[in-house]
Amino acid sequence: MSRLITTSLQSSIDWYKICPDSWKARAHKDLKNMLERVWSEPGEAAQLGIKFEKCLYREIASNNNTGSEKFQAIVKRYKKYKEVYPLEIQKKIKRFITLGDVEYCLYGKLDIYCGDFIEDVKTTSKLMDDYSKKYLKGFQHHLYCYITEIPIFRYFIVAFNEHTKQIHSTQEIEYKSPSMEVERDIIEDEIKNIFVFFNNNPELGHLYNDKYCLY
């Protein structure tokens, strides 16, 4: 059986390692639930993001263009993509690699697949002038570029007003992969970090092997 590697796994472990002490118990619980594949109620911000994406994908697939002016502008953006690209929504992807004598399944789900590039929709209530540092230091674009061998990955950030829950602004961040060899090296290093973590936290390591990898 291959071992499963996902963005959610990496980001949950990373958050547990770097979060403030006041968040440790919650981060541990969330990571444990994920490894056990136990569903938990998402927070208010996450629910807003889920609702937004469902509405967005429904509108892209339809002939409608409803909602606020800012929402309509986002929908029109993706409908223009459809005129040029073989656009797919929520496309599942995976690729197998072997390190040593262990096989790993690299797995993900693309929000927007356009053939020439990949785009991931992110929602946030934290307003920033530039989201590049936050998102480009992450793992997702490296993993998805390598799985698909598509070198261009874009984050489309939709920022909401924390109080009104209305769209405040949008921002596009583009990552261009230097090479698939570079992506492979980054992924291998991250896999090593993940298993150092599990070796230091054997309870979570057992859940990973016995529950999470049974995909």
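The values are calculated or read from the model by the stated rules, or taken from the named source; none is laboratory data. Computed from a predicted model, the values in this text were never measured in an experiment. All Cβ positions, glycine included, derive from the backbone under ideal geometry; neighbour counts span all protein chains shown.
Side notes on the structure shown:
- In the stretch 51-72, the qualifying residues are those that are over 25 Å from Q140 (Cβ atoms) and not charged (D, E, K, R), and the one that is surrounded by the fewest Cβ atoms within 10 Å (Cβ to Cβ) is N63.
- In the stretch 167-206, the residues that are in a helix (DSSP H, G or I) and among the hydrophobic types (A, V, I, L, M, F, W, C): M180, V182, I186, I187, I191, I194, F195, V196, F197, F198, L204
- Single residue of the stretch 36-50 satisfying the filter (aliphatic (A, V, I, L, M), loosely packed, with under 13 Cβ neighbours inside 10 Å and part of a helix (DSSP H, G or I)) that is modelled with the highest pLDDT: I50
- Listed conditions (1) aliphatic (A, V, I, L, M); (2) touching an Asp or Glu at 6+ places or on another chain (Cβ under 8 Å); (3) in a helix (DSSP H, G or I) are all met by I74, apart from (2).
- Single unsatisfied condition, L127 versus (1) within 20 Å of K54 (Cα to Cα); (2) more than 18 Å from the chain's Cα centre (by Cα); (3) among the aliphatic types (A, V, I, L, M): (1)
- Hits in the stretch 194-215 (condition: over 18 Å from Y107 (Cβ atoms) and surrounded by 14 or more Cβ atoms within 10 Å (Cβ to Cβ)): F197, N201, L204, G205
- Filtered residue count, the stretch 157-184, keeping only those that are in contact (Cβ under 8 Å) with a residue 60 or more places away in the chain and within 24 Å of A45 (Cα to Cα): 6
- Residue that is surrounded by the most Cβ atoms within 10 Å (Cβ to Cβ), among those in the stretch 146-166 that are among the charged types (D, E, K, R) and not in a strand (DSSP E or B): K165
- Consider the stretch 89-120 and keep the residues that are acidic (D, E) and surrounded by fewer than 12 Cβ atoms within 10 Å (Cβ to Cβ). The one that is farthest from the chain's Cα centre (by Cα) is D101.
- Qualifying residue in the stretch 73-83 (condition: within 19 Å of E119 (Cβ to Cβ), touching a strand residue (DSSP E or B) at 6+ places or on another chain (Cβ under 6 Å), surrounded by 13 or more Cβ atoms within 10 Å (Cβ to Cβ) and among the aromatic types (F, W, Y)): no
- Checked against (1) without any contact (Cβ under 8 Å) to a residue 24 or more places away in the chain; (2) in a helix (DSSP H, G or I); (3) of a type outside the set (V, I, T), H142 passes all but a single condition, namely (1).
- In the set I157, I74, I93, only one residue is over 24 Å from D185 (Cβ atoms) and at pLDDT 95 or above; that residue is I157.
- The stretch 82-132, subset without any contact (Cβ under 8 Å) to a residue 24 or more places away in the chain and part of a strand (DSSP E or B), residue nearest to Q10 (Cα to Cα): K109
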